[in-house]
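Inspection log for the structure reproduced underneath, given as structure tokens.
Every read-out reported here was derived from the displayed coordinates using simple, explicitly stated rules and does not represent laboratory data. Note that the structure is predicted; figures quoted are calculated from it, not measured. Because the Cβ atoms are built from the backbone with ideal geometry, glycine has one as well, and the counts that use them run over all protein chains shown.
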Amino acid sequence: MLVKLIEMIEKNAETMAGELKSRLQTDPATPSLQTLDDRVLYEDIFEVYSRLGYWLLKDAEKGEVPVHYSAIGAQRFREGFPLHQVVHALVATKRHIWDTILEKGIMRTAKELDSAVDFITYLNRFFDMAIYYTTLGYYRALNLKSAS
Amino acid sequence: MLSKKIIQLIEANALQLSNEIQQRLLIHPSTTSYRDIDEKTLHDWIYDVCSRFSYWLNEDRARGEVEQHYRNLGKERFKKDFELPQVISALYLTKRRLWEFMAASRQADSALNLNQIVEASFLLVRFFDHAVLHVTEGYEEMLQIEHGYEASLSKPEQLAQALEAKRQREELVYEEPKLPTLCFTKGMIRLG
């Protein structure tokens, strides 16, 4: 059932990435994201949704998650994005997954709800680490720049 | 509200949970700065979240008081030389322990109990999302005040320039292809 929830997001990745891209581009809380090329913003979101199982089932504290998200944090610093808007975008990426699951109404039986509790654990563990390492990458790049 | 029972359970166990979270913050490698805080102050801060959990999870507070409280926390941590990732990690370690506690109360065959946990998780996640976001805003505000650092895309004129540059890039991509002109000369087709 956990796999079913993950697969449902992966199958809807294209539509979901399009929806979130449009939302972020018009959200007054994230004006800087409007400067990203449509394709770049779409692909950044699509990368998470289309391979959600890959990201969620990894050990988020080791390996690729720290490396990938620290690099994104440093890159967003160089590009001049305010950190809180980057964090806002990651939170919105997570929230859209949860909203989609609620919308599809696939949490009715005890078995489905039990899997949802596992899903919440994996989803939050991944996004907490993604936000933490993005912040770390951004913060380190900021310090390096001030020192130079 | 379904989640009320779970939230009350956290409040009833606030002291034990606060002690456990405090220990985690003191030994975790991503929150080393918290070892310099007076133990009572640290404990009181965590206890305030756990013992008044329903107060903090209230939706209206999520917009007003939570924003102000965590913005101020971000500013305060900056003044005390904490690194922002450490402050965020402390919030996530707190959230994780609270979620473990909620999830541990699950009865796999009870839809009502599981619904309570899922609903409580939504409130927990929303609260910590707001907390992390506003701590970051407060910290960035201090970076600007104390170090004059402001992300370039925060400045209206640079944001406008970046938007204009994007518009120009898009114009290049979407430019209509120029087709050759057709000229008719005595029954022949010549490309102009």
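Numbers at a glance
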{"read-out": "Residue B:3 long-range amide H proximity, modeled H, under 5 Å", "value": "none"}
{"read-out": "Protection proxy ranking of B:163-171, A:29-37, A:115-123 - average other beta-carbon atoms within 10 Å, highest first", "value": "A:115-123, A:29-37, B:163-171"}
{"read-out": "Anisotropy class of the protein assembly as shown from Cα gyration tensor, a/c 1.5 cut", "value": "oblate"}
{"read-out": "Between helix B:156-174 and chain B: long-axis angle, C-alpha atoms, 0 to 90°, nearest 10", "value": "50"}
{"read-out": "0 to 90° range, to nearest 10: angle between helix A:13-26 axis and chain A longest Cα axis", "value": "50"}
{"read-out": "Whole-Å distance, taken between Cα centres, linking region B:15-62 and region A:32-99", "value": "28"}
{"read-out": "Structure-based [θ]222 nm, the protein assembly as shown - -39500 (n - 2.57) summed over DSSP H runs of at least 4, per residue, nearest 500", "value": "-25000 deg cm²/dmol"}
{"read-out": "Contact order relative to length of region A:2-147, as percent, for alpha carbon pairs under 8 angstrom and 6 or more apart", "value": "35"}
{"read-out": "Residue-wise HN-Hα coupling along region A:107-113, computed from phi with Karplus coefficients 6.51, -1.76, 1.60 (Hz; x: Gly, Pro)", "value": "10, 10, 7, 4, 5, 5, 5"}
{"read-out": "On Cα atoms only, tilt of B:14-27 relative to the major axis of chain B in degrees", "value": "60"}
{"read-out": "Listed pairs A:58/B:155; B:95/B:155; A:94/B:4 exceeding 28 Å between Cα atoms", "value": "A:58/B:155; B:95/B:155"}
